[in-house]
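J.: Here it is: the structure, laid out below.
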Amino acid sequence: MTTGFFDGIAPVKHEGENSNSPIAYRHYNPDELVMGKRMEEHLRFAVAWWHSFAWEGGDPFGGQTFERPWHPQDNMAKAREKVDAAFEFFDILGQPYFCWHDADIRPEQGNFADNLATLDEITDYIGDKMQGRSIGCLWGTANMFSHRRWMAGASTNPDPDVFAFAAATVKSCLDATHKLGGENYVLWGGREGYETLLNTDMGQELDHMGRFLSMVVDYKHKIGFKGTILVEPKPQEPSKHQYDFDAATCIGFLRKYGLEGEVKLNLEQGHAILAGHSFEHELAVAASEGLLGSIDMNRNDYQSGWDTDQFPNNVPEVALAYYHILKAGGLGTGGTNFDAKLRRQSLDAEDLVAGHVGAMDVCARGLKAAAAMIEDGGLETALQERYAGWRTDAAQQMLGSDLAAITDRVLAEEINPQPRSGRQEILENYVNRFV
Ligand code: XUL
Ligand code: CO
């Protein structure tokens, strides 16, 4: 017995660039070797439970447009049906991972004990479904932003009872992630921020958030969870201002609370755009600190200024993202999670498949272009040439000296720097040869 939702849709196959099928992988070929490693192992695709199965198609002006067989999502029978549908979808897509929030997979019960019991029950059911399939949990997380109890924050809430509820909730989600063999655990602080400084003690809230994250790390070690703990930057939405604003802010936060050896970053394309950055900026910031953990792949509408969470469809952008990822040594325990949702008029099961298939192809093309640029070495050579002056003894000695000694040298050697071209257009033209 199936849910019937995906009836008539066959598992998607790699058919190559010349395929005329409406739904086929043209570029994503899991077994194809890219820089000596299988494409599937580079990209590590994950489907996001929330957008694909829990989201009902609402927006700020209108409610549900999707009417799935597993709606309404307020009881465990429907939660199980949603799991059934999810695994039917995974069988069609053939991607190696999925990600979830507690609130995506079990109905909200209104109290912690029942939330815990239903989370246990549904993750047992998910575990059973995983048996005999080659699919894993990329990461789990707690939704501490939707229910009204979280409206003034989770770990940063002025009410210590909310902090307690948050601690218990994250413990339960970390336990469930561990049970499902999850490879990471994510914390995104949607309400960890403020609406107005008039009622907010920012210093105290940040200290609580730091202490909370330390407790998460301690608990991870206590239960022997080998996955990576990740925090996910985003500047605003739903809060007016979020404490995990962008990669640089998160890194400063991790260093302040001594967690930079324990926690890495889950970077999302759309969040980078909301913060006024490019995605590759965020990736480069994290990579420069050795803290690049995982990615939430999507795109934002560049005009709206909202977190539109669309499926990626811009190969040149995605290619530059994977260029930085490959340069940083790859995603490690992380992966490419499609934190992306359909447009609310895209009602059909086929739309959900097409959104993911198209996105996987875009990522595969981006990865191949990035690998080709790395193998060609043109960008790296240009970088080495641009910084070549720093490989001289004089330049290196200067870094160990002081302003007065450097001044003496400028006078003695009559140093008078001559500007050189940054060659931006030449480099942009170079990239365009690969994308
Ligand atoms: C929200 C967002 C979340 C996190 C997980 O913008 O990206 O879905 O990825 O809580
Ligand atoms: Co995300």
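The values are calculated or read from the model by the stated rules, or taken from the named source; none is laboratory data. None of the values given here were measured: they were computed from a predicted structure. Ideal geometry is used to build each Cβ from the backbone, glycine not excepted, and the neighbour counts take in all protein chains shown. Just so you know, the surface numbers come from the protein's heavy atoms only, side chains and all, with ligands and any DNA or RNA stripped out. Shrake-Rupley method; radii C 1.70, N 1.55, O 1.52, S 1.80 Å.
J.: R0 = 22 Å: FRET efficiency of His241 with Asp159, Cβ-based, nearest 0.05?
T.: Numbers: r = 20 Å, r/R0 = 0.90.
Once rounded, the FRET efficiency stands at 0.65.
J.: For the stretch 392-432, report the accessible area per residue in Å² (1.4 Å probe, heavy atoms, rounded to an integer).
T.: Details: 3610 Å² over 41 residues.
Accessible area per residue: 88 Å².
J.: Multiplying the sequence separation of Arg433 and Asp124 by 0.36 nm and subtracting their Cα-Cα distance, what value in nm do you get?
T.: Gain in length upon complete extension: 106.3 nm.
J.: Give, rounded to the nearest 20 debye, the magnitude of the charge dipole that the chain has about its Cα centre when Lys and Arg contribute +1 at Cβ and Asp and Glu contribute -1 at Cβ. Don't skip to the answer; put the middle values down first.
T.: Details: 39 positive and 64 negative charges, 92 e Å.
With Lys and Arg at +1 and Asp and Glu at -1, about 440 debye.
J.: Give the calculated FRET efficiency between Gln303 and Arg343 to the nearest 0.05, with a Förster radius of 22 Å applied to their Cβ-Cβ distance. Kindly include the intermediate steps, with their values, before the conclusion.
T.: On the way: r = 15 Å, r/R0 = 0.68.
Efficiency at R0 = 22 Å is approximately 0.90.
J.: What are the residues whose amide H is under 5 Å from the amide H of Tyr185, where those residues sit 5 or more places off or on another chain and H is modelled from the backbone?
T.: Thr228, Ile229, Leu230
J.: Straight-line reach from Lys222: which aspartates and glutamates have a Cα under 12 Å away, not including same-chain ones fewer than 8 places off?
T.: The reachable aspartates and glutamates, counting only those whose Cα sits under 12 Å from Lys222, are Asp175.
J.: Could you sort the peptides 101-107, 263-269, 355-361 by per-residue average Cβ neighbour count (10 Å cutoff), highest mean leading?
T.: Details: 101-107: 23.4, 263-269: 27.7, 355-361: 21.9.
Top of the packing list down: 263-269, 101-107, 355-361.
J.: Of the DSSP beta bridges with both residues in the chain, give the percent that are antiparallel, rounding to the nearest 5. Intermediate values should be presented prior to the final figure.
T.: Working: 6 of 35 bridges.
Of those bridges, close to 15 percent are antiparallel.
J.: Still on this structure: What order do you get for 48-56, 7-15 when each peptide is scored by the mean count of other beta carbon atoms within 10 Å, highest first? Working shown, then result.
T.: Details: 48-56: 20.7, 7-15: 12.9.
Output ranking for 48-56, 7-15: 48-56, 7-15.
J.: For a label point 7 angstrom out from the Cα of Gln397 toward its Cβ, which stretches of the stretch 404-435 have the backbone nitrogen within less than 16 Å?
T.: Hits in the stretch 404-435 for Gln397 at 16 Å: 404-415.
J.: Could you give the C-alpha radius of gyration of the stretch 91-217 expressed as a fraction of 2.2 N^0.38 Å, taking N as the number of residues it contains? Walk me through the numbers on the way to the answer.
T.: Numbers: Rg = 15.9 Å, N = 127, 2.2 N^0.38 = 13.9 Å.
This ratio for the stretch 91-217 stands at 1.15.
J.: In a Gaussian network model over the chain where Cα atoms closer than 10 Å are linked, find which of Asn298, Asn337, Asn29 has the largest mean-square fluctuation.
T.: Comparing Asn298, Asn337, Asn29 in a Gaussian network model of the chain, the most mobile one is Asn29.
J.: By how many nm would the segment from Gln384 to Asn20 lengthen if fully extended, with 0.36 nm per residue of separation less the alpha-carbon distance? Each step should come with its number before you reach the end.
T.: Details: separation 364, 0.36 × 364 = 131.04 nm, distance 4.36 nm.
Between Gln384 and Asn20, full extension yields 126.7 nm more.
J.: For the stretch 392-432, count the residues as N, evaluate 2.2 N^0.38 Å, and divide the Cα radius of gyration by that value, please.
T.: 1.78
J.: To the nearest 10 square angstrom, what accessible area does Ser421 show with a 1.4 Å probe?
T.: Taking all protein chains as shown, Ser421 has close to 90 Å².
J.: Could you tell me the calculated FRET efficiency between Glu67 and Thr249, based on Cβ-Cβ distance and R0 = 45 angstrom, to the nearest 0.05? Intermediate values should be presented prior to the final figure.
T.: Working: r = 40 Å, r/R0 = 0.89.
For R0 = 45 Å, the calculated efficiency reads 0.65.
J.: What whole number of Å gives the distance from the Cα centroid of the stretch 197-216 to the Cα centroid of the stretch 296-334?
T.: 30
J.: If you count only protein heavy atoms with a 1.4 Å probe, what accessible area per residue comes out for the stretch 37-148, rounded to a whole Å²? If you can, show how the numbers build up before the last one.
T.: Details: 4310 Å² over 112 residues.
That works out to 38 Å² for each residue.
J.: Using a simple spin-label model with points 7 Å from Cα along the Cα→Cβ vector, what separation in nm is obtained for Asn314 and Ala10?
T.: Spacing of the two 7 Å Cα→Cβ label points: 3.6 nm.
J.: What translational diffusion coefficient, in µm²/s and rounded to a whole number, does the Stokes-Einstein relation yield for the chain at 20 °C and a viscosity of 1.002 mPa s, taking the hydrodynamic radius as the Kirkwood radius over Cα pairs?
T.: On the way: Rh = 23.3 Å.
It diffuses with D of about 92 µm²/s by this estimate.
J.: So, with a 1.4 angstrom probe, what is the percent of accessible area on the chain that is carbon and sulfur? Write out the running numbers ahead of the final one.
T.: Details: 10460 of 20330 Å².
After summing per-atom areas, the C and S share lands at 51 percent.
J.: Let me ask something additional. Place the peptides 109-117, 243-251 in order of packing, highest mean first, counting for every residue the other Cβ atoms within 10 Å and averaging per peptide. Can you show the working numbers first?
T.: Details: 109-117: 13.8, 243-251: 21.8.
Packing proxy ranking, top to bottom: 243-251, 109-117.
J.: For His221 and Ile426 in one chain, what is 0.36 nm times their gap in residues minus the Cα-Cα distance, to one decimal in nm? Let's see the in-between values first.
T.: On the way: separation 205, 0.36 × 205 = 73.80 nm, distance 4.89 nm.
In short, 68.9 nm is gained.
J.: Another question, if that's okay. Just the C-alpha atoms of the stretch 344-435: what Rg/Rh do they give, with Rh taken as the Kirkwood radius? Don't skip to the answer; put the middle values down first.
T.: Working: Rg = 23.6 Å, Rh = 18.0 Å.
We get a ratio of 1.32 for the stretch 344-435.
J.: Would you kindly calculate the translational diffusion coefficient of the stretch 1-109, applying Stokes-Einstein with the Kirkwood radius from alpha carbon pairs, for 37 °C and a viscosity of 0.692 mPa s, and quote it in µm² s⁻¹ without decimals? Write out the running numbers ahead of the final one.
T.: Working: Rh = 15.9 Å.
Taking Rh from Cα pairs, D becomes 207 µm²/s.
J.: Moving to a separate point now. If each DSSP helix of 4+ residues adds -39,500 (n - 2.57) and the sum is divided by the residues in the chain, what number results at 222 nm, nearest 500 deg cm²/dmol?
T.: On the way: 15 runs with 192 residues, N = 435.
After summing the helix terms and dividing by the residues of the chain, the value is -14000 deg cm²/dmol.
J.: Going down the list Lys78/Lys234; Lys82/Lys240; Lys129/Lys368; Lys37/Lys264, which pairs span over 28 Å between their C-alpha atoms? Walk me through the numbers on the way to the answer.
T.: Numbers: Lys78/Lys234 32 Å; Lys82/Lys240 33 Å; Lys129/Lys368 33 Å; Lys37/Lys264 23 Å.
Flagged as over cut-off: Lys78/Lys234; Lys82/Lys240; Lys129/Lys368.
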